[in-house]
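Okay, structure first, notes after.
The values are calculated or read from the model by the stated rules, or taken from the named source; none is laboratory data. Since this is a predicted model, take the numbers as computed values, not measurements. Quick reminder, even Gly has a Cβ in these numbers, built from the backbone with ideal geometry, and neighbours come from all protein chains shown.
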Amino acid sequence: MLLSPYPTTSERIRITLLWIWCGLVILFLLVPILIPVPLSFNSGAFFIFPLEGISTRWYEVVLGTQRWQSAIGNSLIVAFGTTVIATTLGTLTAIALSDEKFPGRRIIMPLLLSPLIVPVVITAVGSYLFYARVGLASTYAGIILAHTALASPFVVVTVGASLTGFDRNLMRAAAISGARPLTSFFRVMLPLILPGVLSGAAFAFVTSFDEVVVVQFLASAGQRTMPLEMFIGLREKLSPAITAAATLMMGLSILLLLVANLLARRGRKPSA
Amino acid sequence: MSALQPSELDRPTLARDRSAADADLKSVSAALRRAEFGDRMRSLLLAAPLLVLLALSFGIPIVLLLSRAVYDPTIADALPKTTVALAGWNDQGLPGDDAFAALAADLKDNQAKGTAYELAKSLNARLPGARSQLLKTVRKLESADGQAALDAMKSVPFWSAPTTWPAIRSGTNSLTSFYLLSALDLRWNADGGIERVPPEQAIFIQVFLRTFFVAASVTLATLILAFPLAYLIANVPKGLAAILIVAVLLPFWTSILVRTAAWTVLLQKFGLVNDFLLFIGIASDRLDLMYSRIGLIIAMTHIQLPFTLLPIYSVMRTIPPSQMKAAYSLGARPFTAFRRIYIPQVFPGVMAGCMLTFILCLGYYITPALIGGASDQLISNFIANYVNVELNWEMAAALSFILLVFTLALFGIFARVLGLDRLKLV
C-alpha cells in the first residue's frame, strides 16, 4: 500500500526512512513501559542493568508487607465503590441522553465531560476545601465521590456509544407485550447494551485505581492507596519495590482496558 | 349547484361533526404532548442522580475554590471595630487615634478568640512582614488597656508605616481583586491604577510562560513523532496496523504515575538513557537528566504521544489511498500531492491532537513534581504548593482561576471549531 507498483528510487528511500523513523518512535513508546518489568525481578537493590540475578523479593515486599497490603486494600475499596456508583448512574444518564427529546442535551454533554478537561489539581484542591467543611475529607466516601466525578464520563460515553446501535422499538414492543418498564430494561435493553456497560465499568475501575492527585489531597495516612504509596516512595527514595508495584499496576490496567476496548467494540458493532 | 349544497337542516350536523373532529384532534395532540412531556421528565429523572452527584462532588467544590480567589472575609471578620473606625478615613497619611485604638481592641479580641494567628497570616499575604509584627504587637497588648494600648500600638513603628493602613483598609473589603491581580504579577498602586509588581516580587507570569513553553514543546515533539507513525499505521495492511496500534495503546493504557515512575528509573545518572547516549556517542559524559527541563519534556512527550496520535490516525484512516494515486496520475509530484491533497484533509485531526495535548499539558502535576527540578515546576505544582505548604488558599484559588480560564477557553475553541466528537479516542 505504501509503495506504488513501480517505485522510484526516491520513493524507496522515503518509505525506508518512514519505516526507520516509525520504528524508533515505537521503541520510544514501548521501551519505557517495559523497562520496569525486568527491573522488578532484579535481586539487587539498584536499577542498573545488567541484572544481578532473578528473584521475586520485590514482589514479596509489595504483596507481603503491611504498608503495601493496606494500600492495595484501600485501592480496591475505592475503585470498587467508584465503579459501582459511576457505572449505575452513568448508565442511567447515558440512557436518558440517548433520547433525542432530552432537554438541553448539547449543554449537558460538555458539562458531563468537564471533569476530564479541568486540570486535576483544581478538582483535587476544590474537593479538599469543600469536603473538609462537610466532613467528607479523610473518608472513603469522599474519595469515592471525587473519583466518581472523574470516572463517570467514561461510562456515559461508552454506554452512549453502545446505545446508538440499540433499536428503541424493542422497548415499545416489550411495552406492548405487557412488560413493565423495569422488566423491559432488565430483560431487553440491558442484555443488549451489556458490553458497553461492562466496558464503562472497566474504564471507571482503572480511572479510580490509577488516580493519585485527588487521593493525595483527600486521603488520611490510613487511606493511602497503591498509587499514593508509589508517589510517596518516588519522592522519598527510589526502591525497586516501586518497579514491582508499577509492573503490577500496569498489568492490571492493560488487562482491564484491553477487555474494556474489546467489549466496547463488540457493543458498537450493530450500528456499524 | 344549489341542489348540491347542504340544506339548512344539515348544516348544524356538519358543524357539529367538524367541531367534534377538531376536539378529537386537539385531545390527541394534547395527549401526545402529555406523553412527550412525561418521556422528557422521565429522561430528566434518569439523568438527575448523576447530575446531582456531579454538582455536589465536582461543581460545588470548584465554585467554592474559585470564590476564594475573590472573596476573603478573614480580615473584615477579624477587625470589625477597625472597619468602622476607618469608614471616614481618606486613605491619606495616617488615620486618627480612634483607628489605632479600634485596631488594638480588635487585636485583643482576636487573641482572646484564638484567631490572631489566622489574621496575621492573612494580613501577611497582602503586607509582607505583617505576621511577625502583628504577633509581636498582640503580645505587647496583653496587659495593656485604654491609653496604654494606644501607646503600645504607637510604639511599634510598623503600624505607623505608610503602607500599613492602606493594606488594612483594602483587607477590610471582603470582595477583593488582590489575589487575582497577584496571580498575574499585578497590583493596585496608590493612585487607584493597576501596575506591575516590582521584578523581584514577580513570580507567576514566569510560571505561566514556563507552563505554556513546556506545553508547546511537548505538543510539537509529539506531532513530529506521531504524524509519520499515524501515516504508516493508516497505510499498512490491517493485521500489521492492528499490531502497531497496540504498541500505541499499551503506553496509553498505563497510568501517568507508572510511566513517570518508569522515566525516573530511565533518566537516572546511571540509567538507560545515559547509557544509550554514551553508546551512540551523542554525549561524552553522563548528563543530569533527572530534575531537568529536558527530562521533563521527554517524559511528558512519551505520555502525551498517544493523545496526539489517535485523533490524527482516526482522520488518516478515512482517506482512501486511491486519492493520492489519482493525484500522481494527474501529474502531481509526491510533495505537491501531499501538500495539496493530504494535508488539508488531515488538518482537523492534527489540530485536534495538538490542541488536546496542549490543553492536557497545561494541567500537568505529577510528572513535573517527580521529574522536574525546582525551576521546572508548572502552574499546577504551584497551586498544590500554596495549599500544602504555604496554606494560602486564596493564592491557590486565584492561580486555579486563571489556569481554568485558559483551559476552558482553549477547550471551548476546540469544541466550537472541531466538535466534541473528536475527543473520542480510539
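Residue selection: B:VAL207 satisfies the criterion of being at pLDDT 95 or above and farther than 17 Å from B:GLY353 by Cβ.
Residues checked against (1) of a type in the set (A, V, I, L, M, F, W, C); (2) touching a Phe, Trp or Tyr at 6+ places or on another chain (Cβ under 8 Å); (3) at pLDDT 95 or above:
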site: A:LEU30; (1), (2), (3): yes, no, yes
site: A:GLY64; (1), (2), (3): no, no, no
site: A:THR83; (1), (2), (3): no, yes, yes
site: A:LEU89; (1), (2), (3): yes, no, yes
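Kindly check whether there is at least one residue in the range A:109-122 that is surrounded by fewer than 20 Cβ atoms within 10 Å (Cβ to Cβ), facing chain B (nearest Cβ under 8 Å) and either acidic (Asp, Glu) or farther than 28 Å from B:LEU399 by Cβ (or both). Yes, the range A:109-122 has at least one match.
Considering only residues that are in contact (Cβ under 8 Å) with a residue 60 or more places away in the chain, more than 22 Å from the chain's Cα centre (by Cα) and within 8 Å of chain B (Cβ to nearest Cβ), which ones fall in the range A:233-262? Matches in the range A:233-262: A:LEU238 only.
Kindly provide the set of residues from the range B:271-289 that are in contact (Cβ under 8 Å) with a residue 12 or more places away in the chain and more than 10 Å from chain A (Cβ to nearest Cβ), ordered by number.
Going residue by residue through the range B:271-289, those that are in contact (Cβ under 8 Å) with a residue 12 or more places away in the chain are B:271, B:273-274, B:286-289.
Result: B:ASN274, B:ARG286, B:LEU287, B:ASP288, B:LEU289.
Of everything listed in (1) surrounded by 17 or more Cβ atoms within 10 Å (Cβ to Cβ); (2) of a type in the set (Phe, Trp, Tyr); (3) more than 21 Å from B:THR357 (Cα to Cα), the single unmet condition for B:TRP188 is (1).
State which residue is farthest from B:SER292 (Cα to Cα) when the search covers only the range B:253-270 and only residues that are crowded, with 21+ Cβ neighbours inside 10 Å and more than 7 Å from chain A (Cβ to nearest Cβ). Of everything passing the filter in the range B:253-270, B:ILE256 is farthest from B:SER292 (Cα to Cα). Residue-level analysis places A:ILE144 among those that are buried (at least 21 other Cβ atoms within 10 Å of the Cβ), at pLDDT 95 or above and β-branched (Val, Ile, Thr). With respect to A:ILE33, determine if the residue is within 11 Å of chain B (Cβ to nearest Cβ) and either touching a residue at least 24 places away in the same chain (Cβ under 8 Å) or in contact with a strand residue (DSSP E or B) (Cβ under 6 Å, 6 or more places away or on another chain) (or both). Criteria met by A:ILE33.
Taking the options A:LEU150, A:LEU136, A:LEU192, name whichever one is under 26 Å from B:LEU391 (Cα atoms) and outside any loop (DSSP other than H, G, I, E, B).
Values: A:LEU136 fails: outside any loop (DSSP other than H, G, I, E, B); A:LEU192 fails: under 26 Å from B:LEU391 (Cα atoms).
Answer to the check: A:LEU150.
Applying the criterion of being assigned to a loop (DSSP other than H, G, I, E, B) and under 17 Å from A:ARG265 (Cβ atoms) to the residues of the range A:153-174, the residue that is nearest to the other protein chains (Cβ to nearest Cβ) is A:THR164.
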